[in-house]
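The values are calculated or read from the model by the stated rules, or taken from the named source; none is laboratory data. In this text, all values refer to a predicted model and were calculated from it rather than measured experimentally. Quick reminder, even Gly has a Cβ in these numbers, built from the backbone with ideal geometry, and neighbours come from all protein chains shown. Ligands, DNA and RNA are excluded from the accessible area calculation, which covers all protein heavy atoms including side chains. Shrake-Rupley method; radii C 1.70, N 1.55, O 1.52, S 1.80 Å.
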Amino acid sequence: LWEPDGGAGVGEARFYQSFPDVGVRIPACYFNEFDEENNAAVLVLEDIQNAVQGDVLRLVDSAQAEGIANSLAAMHAKWMGSPKFEKYNWMVDVSHWRPEEGWFESRRALFRERFPDRLSSLASETLDHIEAAPWIANSRLQAAPRTLSHGDFHLDNILFESSGQPVFLDWTRPAIGRVAQNLAELLFKMIPLKLFDTTLNAYRGEFNRVSTRPTTMRALESQLSGAFLRQFSASTCGMARWQPTLPRAIKIIDENLRKTNEVVEFWQTRHPKLFSFLSRSN
């Protein structure tokens, strides 16, 4: 039960009304109703049994990584370029990155004040010149088709059934995004980086199997570079004002910073040209 004036319940209710067949395993919706007269609403979802919830503090194994990759690929291929997005004006379009003026400057200062010396030298230098990132990210992502995107994609919102099948939870903020955005969350935050290639290959294999517009590995990695820059910004500037008090949430911040440093070093080794904006900015 929730008050429709709030955003979360309304978002999930609209999602189930608009996407009866997502193309991936999600909780079944048994009842979804608004009572405008009493300003109340109800949403009844499947109680999934014999499943293990993911945990943002624990990376997945190879089988789980492949399962998530296959599910993402199926969803992305199904909704790629869908004309339905034009009439879903309640959905947020996150396919283009438009930070507000001064957003980076204020958030970066606060981040450095709260987390001094927590970034590697390369990550710190990237943060220094993050204003250059949106143009680069958008230019690399624009070739990726728009599709349905999970607006809060992390391991706490994934169940693993006894069969190994992942179930995607929490559709309060579905969005229109690029295929590389959710994929970047999987590759850079949910798996050990030693599984990067096998997981990316699993995604591309399933995507090309079911899609009418197959992609190349070169195209995917270029798009992932753009998604990486957006994710880096979210993991630094975007986290600057979050001040949790619960021990688990504090651990999440620590893990986020550790993973951010690891991914920056990994991606610089893999795609050094992406970081050329650092030298141009000096």
So, over other residues within a Cβ distance under 9 Å of E12, counting Lys, Arg +1 and Asp, Glu -1, the net charge is +1
When the dipole is taken about the Cα centre of segment 17-118, and only Lys, Arg (+1) and Asp, Glu (-1) are charged at their Cβ, what size is it in debye, to the nearest 20? 560
Order by protection proxy (mean Cβ within 10 Å, highest first), peptides 272-278, 136-142: 136-142, 272-278
Kindly sort V44, V264, V92 by accessible area of their heavy atoms, largest first, with the probe set to 1.4 Å. V92, V44, V264
Quick check: the angle from helix 8-18's long axis to the longest principal axis of the chain, C-alpha only, nearest 10 degrees? 70
Segment 111-258: C-alpha gyration tensor shape, a/c 1.5 cut-off, then a/b vs b/c: oblate
For segment 1-40 and segment 104-144, write down the distance between their C-alpha centroids in whole Å. 36
Taking the Cβ of A77 as the centre, find all other residues whose Cβ is under 12 Å away and add up their charges (Lys, Arg: +1; Asp, Glu: -1). +3
Which of rounded, prolate or oblate describes segment 1-127 when judged by the alpha-carbon gyration tensor and an a/c cut-off of 1.5? prolate
So between E113 and H96, what do we pick up on full extension, going 0.36 nm a residue minus the alpha carbon distance? 3.2 nm
Report the label-to-label distance for K87 and H129 in nanometres (one decimal), using points 7 Å from each Cα along the Cα→Cβ vector. 4.7
Taking only Cα atoms, what is the 0 to 90° angle, nearest 10, from helix 247-270's long axis to the longest principal axis of the chain? 60
Net lengthening on full extension, I250/H154 (0.36 nm per residue, minus Cα-Cα): 32.9 nm
Cα centroid separation - segment 237-263 against segment 178-194, whole Å: 17
Largest first, please: the extent of the C-alpha atoms of segment 43-93 along each principal axis, to the nearest Å. 37, 29, 19
So how do 248-257, 182-191 stack up, highest first, on mean other-Cβ count within 10 Å? 182-191, 248-257
Across the chain, how many lysine pairs, 8 or more apart or on two chains, come within less than 19 Å at their alpha-carbon atoms? 5
Accessible surface of the chain [probe 1.4 Å, protein heavy atoms]: carbon and sulfur percent: 48
Within the set of other residues whose C-beta is less than 11 Å from the C-beta of A234, count the net charge using Lys and Arg as +1 and Asp and Glu as -1. +2
Highest-first arrangement of 97-103, 197-203, where packing means the average Cβ count within 10 Å: 197-203, 97-103
